[in-house]
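A.B. asks: Just dropping this structure here.
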């Protein structure tokens, strides 16, 4: 392939977490082509999270569920991008819509995965995704193989505007010196959600032990958070920020936490990429899919190996196919509480060291 690219497009319009997982690839591309403009294309609404990323010349939202819905819009959008001077196109998304956008750009050098089957007609270079062998970060880095990119994932962090970091730091100063536990009970998929009463129990234990608790959630998760608070005895001591933060603010607040308790969700990736201690609960999904939180500060809690129905899908679903949801209910509040105590203890040791 061409050795020196000047304007590179990276396409990943799946979910929030999928976009965060592209950061190591973005860093690798910036190191391989230091003089190139790198533009990231994400699902509409996600782009503010990456606006402070120094490796990127631009971040663009694709409204695949809105104004740009449909294959006709995909073709038109691809053709429009093809007139904007890009000389390399990399697609990390494997949907038919993404294939249509990719081929419609007309960009000569296009890289994508070798599956689904139609990708062989879409991309000038294809790579194996190795889903069963690698974690998602490494699967994404494989897209750089035709460009001479190899080796370990480079160190990278999510860069946020200084104003957002300052706001979060000021907010946390007002909370005192107690450990602060962030709780995110939501998920796009219903079966990925740990039971509400369990979250309420853990919140009560945290407050009872002198910890500060912040409840996080998107605009469509406000009712869920209110329902959990209604089941918690210590609800009055909880700071409920559900629906009150944009993505940049959310990331800046997560950065300040001592522990982040979450389901398998997009914000989970915002936490680990910032080296925040993460405690994530995986039910219908499993670690071997490769989308789990990385790093020494991350812990994944799963139910026992005796559940033959796990995993029940790549994403989860609207309801448990077996009608028991044991993959999540078998993860007890006591198990979660014990892990929180361990992480807070490690943080205190580090602070005293």
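The values are calculated or read from the model by the stated rules, or taken from the named source; none is laboratory data. Keep in mind the model is a prediction, meaning the values are calculated, not measured. Counting neighbours? That spans all protein chains shown, and the Cβs are built from the backbone with ideal geometry, glycine included.
A.B. asks: State which residue is modelled with the highest pLDDT when the search covers only the stretch 15-34 and only residues that are outside any helix (DSSP H, G or I) and more than 23 Å from residue 84 (Cα to Cα).
C.D. replies: So, considering only residues that are outside any helix (DSSP H, G or I) and more than 23 Å from residue 84 (Cα to Cα), the one modelled with the highest pLDDT is 21.
A.B. asks: Where the second residue is assigned to a loop (DSSP other than H, G, I, E, B) and the first is under 16 Å from residue 127 (Cβ atoms) and lies in the stretch 146-165, which pairs have Cβ atoms under 6 Å and are six or more apart or on separate chains?
C.D. replies: 146/1
A.B. asks: Any chance the stretch 48-63 includes a residue that's touching a strand residue (DSSP E or B) at 6+ places or on another chain (Cβ under 9 Å) and at pLDDT below 95?
C.D. replies: Among the residues of the stretch 48-63, at least one is touching a strand residue (DSSP E or B) at 6+ places or on another chain (Cβ under 9 Å) and at pLDDT below 95, which makes the answer yes.
Table: residues versus (1) touching a helix residue (DSSP H, G or I) at 6+ places or on another chain (Cβ under 6 Å); (2) assigned by TED's automatic domain parsing to the domain that holds residue 320; (3) buried (at least 20 other Cβ atoms within 10 Å of the Cβ); (4) closer than 21 Å to residue 346 by Cα.
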residue: 172; (1), (2), (3), (4): no, yes, no, yes
residue: 175; (1), (2), (3), (4): no, yes, no, yes
residue: 179; (1), (2), (3), (4): yes, yes, yes, yes
residue: 186; (1), (2), (3), (4): yes, yes, yes, no
residue: 191; (1), (2), (3), (4): no, yes, yes, no
residue: 196; (1), (2), (3), (4): yes, yes, no, no
residue: 217; (1), (2), (3), (4): yes, yes, yes, no
residue: 226; (1), (2), (3), (4): no, yes, no, no
residue: 237; (1), (2), (3), (4): yes, yes, no, no
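A.B. asks: Looking at the stretch 78-85, is at least one residue under 28 Å from residue 267 (Cα atoms), outside the structural domain of residue 246 (by TED's automatic domain parsing) and not in a helix (DSSP H, G or I)?
C.D. replies: Within the stretch 78-85 (the criterion being under 28 Å from residue 267 (Cα atoms), outside the structural domain of residue 246 (by TED's automatic domain parsing) and not in a helix (DSSP H, G or I)), the answer is no, since none of the residues qualifies.
A.B. asks: Looking at the stretch 141-158, which of its residues are outside any helix (DSSP H, G or I) and surrounded by fewer than 17 Cβ atoms within 10 Å (Cβ to Cβ)?
C.D. replies: 148, 150, 151, 152, 153, 154, 155, 157
A.B. asks: Any residue at all in the stretch 88-102 that's in a helix (DSSP H, G or I), out of contact with any helix residue (DSSP H, G or I) (no Cβ under 6 Å at 6 or more places or on another chain), closer than 30 Å to residue 274 by Cβ and assigned by TED's automatic domain parsing to the domain that holds residue 27?
C.D. replies: Looking through the stretch 88-102, at least one residue is in a helix (DSSP H, G or I), out of contact with any helix residue (DSSP H, G or I) (no Cβ under 6 Å at 6 or more places or on another chain), closer than 30 Å to residue 274 by Cβ and assigned by TED's automatic domain parsing to the domain that holds residue 27.
A.B. asks: Considering the stretch 103-121 alone, what residues qualify as being part of a loop (DSSP other than H, G, I, E, B) and either free of Cβ contacts under 8 Å to residues at least 12 places away in the same chain or surrounded by fewer than 20 Cβ atoms within 10 Å (Cβ to Cβ) (or both)?
C.D. replies: 106, 108, 109, 114, 115, 116
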